[in-house]
Amino acid sequence: MKKIILLAMMFGLVATLTTKGAEAKENWTTLCAKCHGADGKSDTKIGAKLGAKDFTDAKVQDSFKDEEAIKTIKEGKKDKDDKTLMKAFDQLSDDEVKALVAYVRSFKK
Ligand code: HEC
């Protein structure tokens, strides 16, 4: 019985240690990829239409700070005519948002 509990605890620990990266990828795939593409190039139909940028481009990566990316993900982004470019993802926790920013950074070539 004790062994089972110990084993369960170990699995729990491994799971918490590995979820961060996996979670960011999952959030990216379900929430972000339709515009920004699975590979971050934003070359999807909607991405191109809305003018989303290529995150593999170092110049694009340099064009916004982490804090700006966090704000964009949490509060969304509108163009000058108040049209929504990217909606707010306010259901995400701070940690999830930070993990997504790190994920976005990982596209840089
Ligand atoms: C409906 C399409 C759409 C979806 C879905 C979307 N984005 Fe965006 N995103 C955009 C557009 C368009 C821009 C470019 C806005 C600009 O630069 O003017 C953008 C910009 C960004 C930026 C650049 C930061 C900035 O302030 O310009 C980041 C980082 C970003 N998105 C991350 C994400 C993440 C993470 C998700 C998923 C949680 C996501 N996006 C979902 C359309 C989208």
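The values are calculated or read from the model by the stated rules, or taken from the named source; none is laboratory data. Because the structure is predicted, anything quoted here is derived from the model rather than measured. So basically every Cβ, Gly included, is an ideal-geometry build from the backbone, and we count neighbours across all protein chains shown. Note: areas computed on protein heavy atoms with side chains; ligands, DNA, RNA excluded. Shrake-Rupley method; radii C 1.70, N 1.55, O 1.52, S 1.80 Å.
Odds and ends about this structure:
- Using a cut-off of 30 Å between Cα atoms, the listed pairs LYS2/LYS98; LYS34/LYS65; LYS20/LYS83; LYS41/LYS74 include LYS2/LYS98; LYS20/LYS83 as exceeding that distance.
- Scaled radius of gyration (Cα, divided by 2.2 N^0.38 Å) that the chain gives: 1.30
- Per-pair calculated FRET efficiency, R0 = 41 Å: MET1 and LYS108 via Cβ, rounded to 0.05: 0.25
- Taking ASP57, ASP95 and ordering them by how much accessible surface each has at a 1.4 Å probe, largest first, produces ASP95, ASP57.
- Candidates LYS49, LYS80, LYS25, ranked by Gaussian network fluctuation over the chain, Cα under 10 Å, top entry: LYS80
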